[in-house]
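Just so it is clear, none of the values below were taken in a lab; they were calculated from the coordinates. Please read these numbers as outputs of a predicted model, since none were measured by experiment. Note: ideal-geometry Cβ built from the backbone for every residue, glycine included; neighbour counts use all protein chains shown.
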Amino acid sequence: MRSSSALRVVGQGAGVDLAAAERAAADFLQALGISLQSESLHDTPGRMARAYAELFSPRPFDLTTFPNEEGYNELVLARGIPLRSVCEHHLLPFTGTVHIGYLPAERILGLSKLARVAEHFAHRPQVQERLTKQIADWLAEHLNPMGVGVVIEAEHTCMTLRGVRATGSSTVTSTLVGALREDARSRAEFFALTGVNP
């Protein structure tokens with residue numbers, strides 16, 4: 001009989017005051033010269049408040065792991081996981097994909113949990129570099145694998161919609177831990193499977 005182990009992971013949704021956020025959103029829009037008198041804009045502050053509350057509130061999940069009974073020690077990779085977050089400098093969205101891989105040791109992970117860990121750290125104001133490292137470090141700590149690799153490819157609307165307006169540009173970040181950092185062959189295999197040229 002197989003045994004599993006689960007760690008309950010909850011978000012930071014406590015302390016959300018939607019009424020205060022709605023008032024602040026109305027003040028913000030009016031300070032920018034946007035009238036809220038029209039029927040289509042009247043409820044916008046409330047929609048704004050609820051939208052940002054959703055963006056900053058990850059769903060709780062159980063990090064479920066199982067014994068690695070077969071002694072599998074090759075790379076496990078979830079590629080092209082959709083990712084969305086909000087740039088902490090401008091509070092504008094960035095979206096893209098994250099590739100997460102690990103070299104199992106004593107335990108293996110329920111695969112959907114790789115996406116859940118990425119979602120957990122993406123649901124807060126972020127910078128891509130920190131987000132990449134947080135995902136890798138958290139998996140290394142809680143799964144204790146031989147190695148972890150994370151690559152994020154994302155388009156930042158703070159670059160494409162404003163400022164330099166570099167439409168179509170993307171930013172790539174990576175973090176490697178353990179054998180995926182130290183062993184050249186494992187590192188090359190990880191990047192080859194992600195489709196990213198290091």
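Here are a few things to note about the model shown:
- Listed by Cβ neighbour count within 10 Å, with the fewest neighbours leading, Ile152, Ile34 appear as Ile34, Ile152.
- As a proxy for reagent exposure, Leu91, Leu41, Leu75 were ordered by neighbouring Cβ count within 10 angstrom, fewest first; the result is Leu91, Leu41, Leu75.
- Per residue of the chain, the DSSP helices (runs of n ≥ 4 H) give a summed -39500 (n - 2.57) that works out to -11000 deg cm²/dmol at 222 nm.
- Qualifying trypsin sites (Lys or Arg not before Pro) in segment 90-194, where qualification requires a DSSP coil assignment and no more than 14 other C-beta atoms within 10 Å, comprise Arg162, Arg165.
- Cα lying deepest toward the dipole's positive end in the chain, options Leu41, Pro82, Leu114, charges on Cβ: Leu41
- Among (1) 8, 30, 30, 19, 10, 4, 0; (2) 8, 25, 26, 18, 14, 8, 2, 0; (3) 9, 39, 38, 14, 1, the entry that matches P(r) over Cα pairs in 10 Å bins from 0, in percent as calculated here: (1)
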